[in-house]
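Comments concern the structure below.
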Amino acid sequence: MQVGGAKNGPGPLVDVYASRRVYWLVLAIGCVGLVLVAAIDWFRQPYAILVFVTATLVGVRGAFDRRPKLSISPRGIRYARWGGAVVAWEEFAGYRRVSWRSLPHLQLIPRQASQLTQKFSMLGRLEQFCARLLRAPSFAIAVVPLEIDGVALEEEVRKYLPQSPRQA
């Protein structure tokens with residue numbers, strides 16, 4: 001997490017980066033898998049090669065990507081999984097802490113979900129669609145892959161949004 005002067009507005013800008021540990025682990029799995037593909041015939045199946053090549057590429061990209069994954073400023077919030085646009089705080093009614101598959105998330109509650117989703121990139125809209133299919137919380141920020149804990153993230157968001165009651 002990095003705090004600095006806000007771009008395009010007064011107040012602090014908080015940049016949160018991806019946790020590199022996850023990507024280094026994925027890269028290691030991909031590389032070990034590729035060694036197994038080269039050494040053992042049983043691993044030379046097309047699906048295994050695809051999985052190991054994909055893991056290697058995702059690991060390399062994530063381990064060396066230096067861009068922030070989450071930016072919080074008085075102007076709004078930008079989450080890389082939603083696209084590159086900054087979403088104004090006025091678009092959200094509040095936030096709540098949620099857990100999905102035992103992983104902590106901070107869910108932002110949109111005022112008009114369908115209109116907000118249209119502001120996301122194509123991949124951001126696909127991510128929201130997949131979240132609905134998997135019954136994951138929509139408009140949620142996954143805490144685990146970020147270099148910030150859930151409490152610190154909630155403190156930053158609380159500066160701009162009220163906490164909403166838990167869903168029944």
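FYI, it's all coordinate maths here, none of it is from the lab. In this text, all values refer to a predicted model and were calculated from it rather than measured experimentally. Please note: Cβ atoms are built from the backbone with ideal geometry, for glycine as well, and neighbour counts cover all protein chains shown.
Each of I49, I148 was scored by other Cβ atoms within 10 Å of its Cβ. Arranged with the fewest first, they read I49, I148. With a ≥ b ≥ c taken as the square roots of the eigenvalues of the C-alpha gyration tensor of the range 81-158, please select rounded if a/c is under 1.5 and otherwise prolate if a/b is larger than b/c or oblate if it is not? It is oblate, given that a/c is not under 1.5 and a/b is not larger than b/c.
Taking the C-alpha atoms only, the angle from helix 122-133 to the longest principal axis of the chain is near 90 degrees.
Kirkwood hydrodynamic radius computed over the range 20-97 comes to 15.1 Å, based on all pairs of distinct alpha carbons. Arranged from fewest to most other beta-carbon atoms within 10 Å of their beta carbon, S121, S71 become S121, S71.
This ranking places D41, D15 by how few other beta-carbon atoms lie within 10 Å of each, fewest first, which gives D41, D15. Restricting the range 19-54 to trypsin sites (Lys or Arg not before Pro) that sit in a DSSP loop and have at most 16 other Cβ atoms within 10 Å of their own Cβ leaves R44.
Using only alpha carbons, the range 115-165 has a radius of gyration to Kirkwood radius ratio (Rg to Rh) of 1.01. Restricting the range 88-168 to trypsin sites (Lys or Arg not before Pro) that sit in a DSSP loop and have at most 13 other Cβ atoms within 10 Å of their own Cβ leaves R101, R111, R135, K159, R166.
Taking 0.36 nm per residue of sequence separation and removing the Cα-Cα distance, the A93/V51 pair yields an extension gain of 11.1 nm.
For the range 35-77, the C-alpha radius of gyration divided by 2.2 N^0.38 Å, with N the number of residues, is 1.91. Volume of the convex hull of the chain (Cα atoms only), normalised per residue: 131 Å³. Within the range 58-95, the trypsin sites (Lys or Arg not before Pro) that combine a DSSP coil assignment with at most 16 other C-beta atoms in a 10 angstrom radius are R66.
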